[in-house]
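Engineer: Can you keep this structure in mind? I'll have questions shortly.
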Amino acid sequence: MTALVLAVALAATPQARLDAAKHRWQRLHARNYTYLVTPTCGRCATTTGRIRVRDGKPVNTPPALRAYDTVPELLARVQRAIDSHAYRVDATYDTRGVPTMLAVDESRSLVDDVTGYSVERFRRG
């Protein structure tokens, strides 16, 4: 059954894939977790940082990464990208619903305008 749900999600629209990821995340009830996040933006320098969440709240997040410091915020960034009607929105999610990558290309005609993030090493606990 899980393979069928995954196959349907992969063939669905970006909004349907996001909705499926949100559902999986909510079912997980994760309140304590860590992950590495790397924001990306065209020609910007990137920094990877460790995010820690305890009782659903971020703990000691570096200022440059505060916009990426919980899974619900990562999911909200995907929603905002979809709602913005950008030229292209690519997002991937793991089996728990955690976004693992977001790439937003705002305009077909602009060079180096892709923004987003990547997430690695998500761990509960």
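The values are calculated or read from the model by the stated rules, or taken from the named source; none is laboratory data. What you see is a predicted model, and the numbers here were worked out from it, not measured in a lab. Glycine also receives a Cβ, built like all others from the backbone with ideal geometry; neighbour counts cover every protein chain displayed.
Engineer: Take the range 76-88 and flag every residue that is among the hydrophobic types (A, V, I, L, M, F, W, C), modelled with pLDDT of 90 or more and surrounded by fewer than 22 Cβ atoms within 10 Å (Cβ to Cβ).
Structural biologist: Correct list: Ala76, Ile82.
Engineer: Can you give me the ranges of the strands (runs of 3 or more DSSP E) entirely in the range 13-104 with at least 1 residues that are in contact with a strand residue (DSSP E or B) (Cβ under 8 Å, 6 or more places away or on another chain) and over 16 Å from Phe122 (Cβ atoms)?
Structural biologist: 33-41, 88-93
Engineer: Also, I was wondering about something else. For the range 111-125, what are the residues that are at pLDDT below 90 and among the acidic types (Asp, Glu)?
Structural biologist: Asp112, Asp113
Engineer: Oh, and also: Could you tell me which of the residues Thr95, Thr48, Thr61 is of a type outside the set (Gly, Ala, Ser) and in contact with a Ser or Thr (Cβ under 7 Å, 6 or more places away or on another chain)?
Structural biologist: Values: Thr95 fails: in contact with a Ser or Thr (Cβ under 7 Å, 6 or more places away or on another chain); Thr61 fails: in contact with a Ser or Thr (Cβ under 7 Å, 6 or more places away or on another chain).
Being of a type outside the set (Gly, Ala, Ser) and in contact with a Ser or Thr (Cβ under 7 Å, 6 or more places away or on another chain) holds for just one of Thr95, Thr48, Thr61, which is Thr48.
Engineer: Here is a further query. Return the residue satisfying two criteria in turn: it lies in the range 96-110 and is touching a helix residue (DSSP H, G or I) at 6+ places or on another chain (Cβ under 7 Å) and modelled with pLDDT of 90 or more, and of such residues it is surrounded by the most Cβ atoms within 10 Å (Cβ to Cβ).
Structural biologist: Selected residue: Pro99.
Engineer: Confirm whether Thr34 is at pLDDT below 95 and not charged (D, E, K, R).
Structural biologist: No, not satisfied.
Engineer: If you don't mind, another one. May I ask you to list the residues in the range 18-42 that are more than 15 Å from Ala76 (Cβ to Cβ) and of a type in the set (Gly, Ala, Ser)?
Structural biologist: Ala20, Ala30, Gly42
Engineer: Return the residues of the range 1-18 that are modelled with pLDDT of 95 or more and surrounded by 15 or more Cβ atoms within 10 Å (Cβ to Cβ); say none if nothing qualifies.
Structural biologist: Those that are modelled with pLDDT of 95 or more and surrounded by 15 or more Cβ atoms within 10 Å (Cβ to Cβ): Arg17, Leu18.
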